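Below you'll find the structure, written out as structure tokens, and then a few comments.
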Amino acid sequence: MALTEQLSRIGTRRAGMALTGVAAAALALAAGPAFAASPGSGMAMGAAMGAAQNHAMVGNTAGWIDGRTATFHYTKNFVCMVPPASGATSGCELGASYDAIPAAAFDPLYVLVPLGFTPKAGTLQCPTAGQCVDHPHTIDLSRVFGAGTANALLPPHSHIVTTANMGQSEWWNVIVIGVKSPTTWNRIASAKSYQEVQEERVHDSATVTDNIPTNLFLYFSVKH
């Protein structure tokens, strides 16, 4: 099956709701070199979550909200909720949603991943694969690729939120969106909004994937 056909089959989800099925089109994310395999087998999920909590750092990334750039201030490390099970050392899984949650209230964090191109300098908010404050180093892709892909590096990416939660820290569930065109990426980076992502899907659905669920939660506040 052609990559573009696979991309068209990615399922959607909303924060707070488990996805009942995700098509194998999550394969699209492997188009970028950032998903190089990382050595080592996955640890037990409980241990992965404990290690994440114990190694949190305080730090910042940029993020986009309603047409402007904000500061995301991290004070806890990620958690990846069980189920699903994961073979990654982080305990994180792409292409499958969570069944458990770290808190009663949380919001979606849309993570934009460039596929097959390198964006303009300054438009990637986490530019180095596997390296971003309080993000996981690896993520499990084996639901799509099978053996040998259970410990891939988290790819370079940027962030969009649709609420600031009044500047209060909270958990955010990561929803991945693949962008396959530098022109589309630049329009989204210029608009700095999830509304632009939706408009790009309407105007040229071949350049932006549907929402891809994960069991990954990040913890930060949105500062203007």
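Just so it is clear, none of the values below were taken in a lab; they were calculated from the coordinates. Bear in mind the structure is a predicted one, so any value in this text is a computation, not a measurement. Please note: Cβ atoms are built from the backbone with ideal geometry, for glycine as well, and neighbour counts cover all protein chains shown.
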Sorted by Cβ density within 10 Å, fewest first, the residues LEU109, LEU124, LEU94: LEU124, LEU109, LEU94
Reduced Cα scattering model of region 137-189, Debye log10 I(q)/I(0), q = 0.16, 0.20, 0.26 Å⁻¹: -0.74, -0.95, -1.07
Ranked on Cβ counts within 10 Å of their own Cβ, fewest leading, GLU93, GLU199 go GLU199, GLU93
Packing rank of 180-191, 112-123, where each peptide gets the mean count of other beta carbons within 10 Å, highest leading: 180-191, 112-123
Using label points projected 7 Å from each Cα along Cα→Cβ, tell me how many nm separate GLN195 and GLN131, to one decimal. 3.7 nm
Anisotropy class of region 102-187 from Cα gyration tensor, a/c 1.5 cut: oblate
Extension reserve of the THR69-ASP107 stretch, reckoned as 0.36 nm per residue once the Cα distance is removed: 11.9 nm
For ASN165 and ASP99 in the same chain, what is the full-extension length gain: residue separation times 0.36 nm, less their Cα-Cα distance, in nm? 21.4 nm
Using only the Cα atoms of region 63-208, build the gyration tensor, take square roots of its eigenvalues as a ≥ b ≥ c, and label the shape rounded, prolate or oblate: rounded if a/c is under 1.5, else prolate if a/b is larger than b/c, else oblate. oblate
Students often forget the sequence filter, so: which lysines lie under 29 Å Cα-Cα from LYS223 once same-chain residues fewer than 8 apart are removed? LYS76, LYS120, LYS192
